[in-house]
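Worksheet: one structure, shown below.
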Amino acid sequence: MKIPTNHPRRKSLEERELIEKGVEKGIVTPSGMIAHGRGEAFDYLLGEKTQPEAERQIGAAAAVLLLAERPVISVNGNATALCAREIVKLAKVLKAKIEINLFYRTPKRVKLVEKEFKKLGAKVLGVKPKKKVPGLDSKRAMVDARGIWGADVVLVMFEDGDRTEALERMGKIVIAIDLNPMSRTAQKANLTIVDNVTRAVPLLARKASEMRKKGDKSLRKTIKNFKNKDLLRKIELRIRRG
Ligand code: PTJ
């Protein structure tokens, strides 16, 4: 389908196409379409734009990631289909590693996701993970010894909640990007960005690139008064009030 350039929901339709193509290629799992639909509904309620609260969350996330010693960006099928290029750019700015972590993990899907990142010149971890996150039953427990296993800060998206909690039990700081401020992931993460990954990831890269010139003291000041729950409540109210 050719989407007219002046279509009011052009961006959202383009994202839907990326997910559909991802499913055709086998990168996105069929349930990923349902996850995307959930996100689309919340994005619609948020006016399909980055809200002021999300801008604050992005600023704080940039500071935490820049202060991290071993940051890792965890990617799944949906994230790959929607914004692999932007994830690679973000990883470069943050000097972070990228690790594949799939809920519906199959060797074929892992290869396909790896290939997408290879095309962009990026090396990814998590292809043959040997470590297991304690207390997790799903395949999401499988992590790379050189990546998430030893990371101090993990950026997650399209998460299922359980892993966020399990990673925090391991002493890691978890930053989540999730359009639903009420989801378990959003509520459990140390820092949540309530925005569409297609906007949040490039904004985070831009913000981190601006902020990396600042010293650690200034970065720490950015996160000093950050209260995740307060901002989540504000965004929830924004959605409820319409
Ligand atoms: O790991 P995979 O590739 O095997 O796939 C796992 C899926 C995505 C199927 C699995 O993690 C899943 O079912 O996810 P959920 O529980 O539907 O959670 C996805 C969350 O991401 C929901 O809270 C959505 O609101 C949110 N979401 C959906 N689309 C976006 C989004 N958040 C940010 N940006 C989006 N574009």
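What follows draws every value from the coordinates through simple rules; no lab data is involved. Given the structure is predicted, the values throughout are model-derived calculations rather than measurements. Cβ atoms come from the backbone with ideal geometry, glycine included; neighbour counts cover every protein chain shown.
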Query raised in the report: With contacts defined as alpha carbon pairs under 8 Å and 6 or more residues apart, what's the relative contact order of the stretch 25-162 in percent?
Result: 28
**Report entry** For peptides 106-112, 212-218, 35-41, sequence by mean Cβ density within 10 Å, most packed first
**Finding:** 35-41, 106-112, 212-218
**Report entry** Length gained when the stretch LEU237-GLU20 is fully extended (0.36 nm per residue, less Cα-Cα span)
**Finding:** 74.9 nm
Report summary line: Among ARG184, ARG70, ARG220, the residue with the largest mean-square fluctuation in a Gaussian network model of the chain built from Cα contacts under 10 Å is ARG220
**Report entry** Euclidean distance of C-alpha centroids, the stretch 83-119 and the stretch 200-232, integer Å
**Finding:** 23
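I'd like the FRET efficiency for LYS217 and LYS11, computed as 1/(1 + (r/R0)^6) with the beta carbon distance as r and R0 of 41 Å, rounded to 0.05. Before the final figure, lay out the partial values.
Numbers: r = 38 Å, r/R0 = 0.93.
FRET efficiency, LYS217 to LYS11: 0.60.
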Query - Mean Cβ count within 10 Å, highest first, over the residues of peptides 11-21, 91-101 - result: 91-101, 11-21
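Between rounded, prolate and oblate, where does the stretch 135-175 land on the alpha carbon gyration tensor, with a ≥ b ≥ c its root eigenvalues, rounded for a/c under 1.5, else prolate if a/b exceeds b/c? Don't jump to the answer; show the numbers that get you there.
On the way: a/c = 1.40, a/b = 1.14, b/c = 1.23.
Note, shape of the stretch 135-175 comes out rounded.
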Report summary line: For the chain, averaging the sequence separation of alpha carbon pairs under 8 Å that lie six or more residues apart and dividing by its residue count, the contact order in percent is 23
Report summary line: Asserting the computed 222 nm helical MRE of the chain (DSSP H runs at least 4 long, -39500 (n - 2.57) per run, divided by residue count, to nearest 500) equals -17000 deg cm²/dmol
Report summary line: Heads up, the chain by the C-alpha gyration tensor (a ≥ b ≥ c square roots of eigenvalues; a/c under 1.5 rounded, else a/b over b/c prolate, else oblate) looks rounded
